[in-house]
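The values are calculated or read from the model by the stated rules, or taken from the named source; none is laboratory data. The structure presented is a predicted model; accordingly, all values stated were derived computationally and were not measured. Here the Cβ is made from the backbone with ideal geometry for all residues, glycine too, and neighbour counts use every protein chain on show.
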Amino acid sequence: MVPVKKNEVYKTEIVGMTHQGQGVGRIENFTIFIDGPIKQEEVEIKIIKVNKNYAVGKLLNIIKASPGRVEPLCEVYNKCGGCSLQHMSYQAALNFKTDMVTENIRRIGKLNEVVVHDTIGMENPFNYRNKAQYPVGKSKGEVVAGFYAKKSHDIVDCAECLIQHSLSDKVKLIVKGFLEKHKITIYDEATGKGLVRHIMTRMGFNTGEVMVVLVINGKNIPHQDKLVKMLTQEMPQIKSIVLNVNTAKTNIILGNKNIIVFGEGRITDYIGKFKFNISPLSFFQVNPVQTEVLYKKVLEYAGLTGEETVFDLYCGIGTISLFLSESAKRVYGVEVVEEAIRDAKENAKLNDIDNVEFIVGEAERIIPDMYKKGVKADVVVVDPPRKGCDEVLLDTLVSMAPDRIVYVSCNPATLARDLGFLAERGFEVLEVQPVDMFPWSSHVECVVKIYRN
Ligand code: SAH
């Protein structure tokens, strides 16, 4: 029997939190998910949805607040879908992430002894993003650009976003002014008509260079010269302006075609001492400060002496490969996206690194092939997407038996599953270090040190 009824009001204690940061309440052992409350709080809720196995409640009132509760700094926090933990102090948000990782490692990985360190946070957890993608729309006749609201495509505009770099907000303001002044049409998702879809900015935190990309449903923009003049006169940091053509009726933000209207169509930035070219479509970690923290951990856990052959699997544009190359004999980077491998090769050249080789293909195909041909790694780094590593790959690693594996993960659940797998087959999981790459979101990245028994 379901013990709650829709539209009724109940009191409950928050006994846990979901990975997305929702509070979990229980009424007669029945699970209720509620946006807003923090673990251990006592709250009053109204049931808004009832399913067979769980219900959803709306937070009405906090009867007993958690000591970690704070007033959100952002004025649009309750509407905007960008952040989900601003009702917690930064320390409470970091603790939430550590707890989430620990819980997964224990429950899914069955690794009860493994040390999970406290999440490494940022000294200043604001304005950390080097890339913004503002959807553009119209509201009450005015141009708006910002984040999508929670679970919708309504746009929440706000002059200053706490997680974006202030220069991104400045670009947005100038472009909005330009669109208003010249009455440029705005793309309408429902009809597929109208020109301007997204304003994207990318910047090099270490070089100060800024790139502006306007995503348009067409091949040119009226008054292009005026747009370039407005942007570059007000912001000398802008090194490149690009029109990205996306005429498809899709949720995917960027199209494949770029038209350079100012500069060279790319900017550069550094991670540590390594230099990278960034173009509109290329992947680059969005929090450069924490990326360096993460990569240093990878290097530490890899324990390289200069003699090792290293595999960097799921290598993206090869940033980890380059980071490791100095301390290794040879590094092989494997990645499935062809353009990323092209960028990786270019990045190696740009940094005069010649002991790294990049291979395009699925790690679970390439690595078994290489192993059959006798190429073995002493140390393997994996950094898979959310679904984790393919079992064929893990099996091959078990046979290959490298001395060490460093697992970088953006999903604690699949991480825990894969660690459990390796722990049952001759590897010892030594320590897990969560790193806060995306402050105020519920995401957490982990680096794990794994040695062969
Ligand atoms: N290590 C990189 C990026 C990791 S993101 C960095 O630190 O920047 C995960 C990467 O895995 C993505 O680039 C994605 O394209 C790639 N990928 C996804 N499935 C893959 C597979 N089966 N084999 C190899 N690479 C894959």
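Tell me whether segment 336-345 contains one or more residues that are away from the ligand (no atom under 14 Å from the Cβ), modelled with pLDDT of 95 or more and over 21 Å from K275 (Cβ atoms). Reasoning before the result, please.
Just the residues of segment 336-345 that are away from the ligand (no atom under 14 Å from the Cβ), to begin with: 345.
Checking which are modelled with pLDDT of 95 or more leaves us with 345.
Imposing the further condition that a residue be over 21 Å from K275 (Cβ atoms) reduces the set to none.
Checked against the condition, which is being away from the ligand (no atom under 14 Å from the Cβ), modelled with pLDDT of 95 or more and over 21 Å from K275 (Cβ atoms), segment 336-345 yields no hits at all.
Identify, please: which residue in segment 140-157 is among the small types (G, A, S) and under 19 Å from K170 (Cα atoms) and is, among those, surrounded by the most Cβ atoms within 10 Å (Cβ to Cβ)? Steps first, please.
Going residue by residue through segment 140-157, those that are among the small types (G, A, S) are 141, 145-146, 149, 152.
Okay, now just the ones that are also under 19 Å from K170 (Cα atoms), so 145-146.
On the way: A145: 24, G146: 26.
Checked segment 140-157; the qualifying residue surrounded by the most Cβ atoms within 10 Å (Cβ to Cβ) is G146.
Take the conditions out of contact with any Ser or Thr (no Cβ under 6 Å at 6 or more places or on another chain), within 16 Å of the ligand (Cβ to nearest atom) and farther than 24 Å from T309 by Cβ and apply them to V444. Does it pass?
Details: out of contact with any Ser or Thr (no Cβ under 6 Å at 6 or more places or on another chain): yes; within 16 Å of the ligand (Cβ to nearest atom): yes; farther than 24 Å from T309 by Cβ: yes.
Judged against the criteria, V444 is a match.
Hey, can you tell me all the residues within segment 367-410 that are outside any loop (DSSP other than H, G, I, E, B), within 12 Å of the ligand (Cβ to nearest atom) and small (G, A, S)?
Selection gives S409 alone.
Return the pair list, or none, for Cβ contacts closer than 7 Å from residues in segment 302-320 that are under 14 Å from N355 (Cβ atoms) and in contact (Cβ under 8 Å) with a residue 24 or more places away in the chain to residues that are polar (S, T, N, Q) and within 16 Å of the ligand (Cβ to nearest atom), at least 6 apart or on different chains.
Pairs found: D312/S321; G318/N347.
From G303, G318, grab the single residue that is touching a strand residue (DSSP E or B) at 6+ places or on another chain (Cβ under 9 Å), within 21 Å of K273 (Cα to Cα) and surrounded by 24 or more Cβ atoms within 10 Å (Cβ to Cβ). Talk me through it step by step, then tell me what you get.
Numbers: G303 fails: surrounded by 24 or more Cβ atoms within 10 Å (Cβ to Cβ).
On inspection, the qualifying residue turns out to be G318.
Within segment 309-335, can you find the residues that are more than 8 Å from the ligand (Cβ to nearest atom) and assigned to a strand (DSSP E or B)?
Scanning segment 309-335 gives T309, V310, F311, R330, V331, Y332, G333.
Look at L422 and say whether it is without any contact (Cβ under 8 Å) to a residue 60 or more places away in the chain, buried (at least 21 other Cβ atoms within 10 Å of the Cβ) and either more than 20 Å from the chain's Cα centre (by Cα) or closer than 24 Å to E113 by Cα (or both). Full working, then the answer.
On the way: without any contact (Cβ under 8 Å) to a residue 60 or more places away in the chain: yes; buried (at least 21 other Cβ atoms within 10 Å of the Cβ): yes; either more than 20 Å from the chain's Cα centre (by Cα) or closer than 24 Å to E113 by Cα (or both): yes.
Yes; evaluated as a whole, the condition is true for this residue.
Taking E189, is it in a loop (DSSP other than H, G, I, E, B), under 25 Å from F284 (Cβ atoms) and either without any contact (Cβ under 8 Å) to a residue 12 or more places away in the chain or out of contact with any Pro (no Cβ under 8 Å at 6 or more places or on another chain) (or both)?
Here the answer is no, as E189 does not meet what is asked.
Pick from segment 283-300 the residues that are surrounded by fewer than 22 Cβ atoms within 10 Å (Cβ to Cβ) and in a loop (DSSP other than H, G, I, E, B): which of them is farthest from the ligand (Cβ to nearest atom)?
The extreme case among them is V286.
Rundown of residues vs (1) crowded, with 16+ Cβ neighbours inside 10 Å; (2) closer than 26 Å to Y148 by Cβ, yes/no style:
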position: V2; (1), (2): no, no
position: G25; (1), (2): yes, no
position: I38; (1), (2): yes, yes
position: E41; (1), (2): yes, no
position: I48; (1), (2): no, yes
position: E75; (1), (2): no, yes
position: S84; (1), (2): yes, yes
position: N95; (1), (2): yes, no
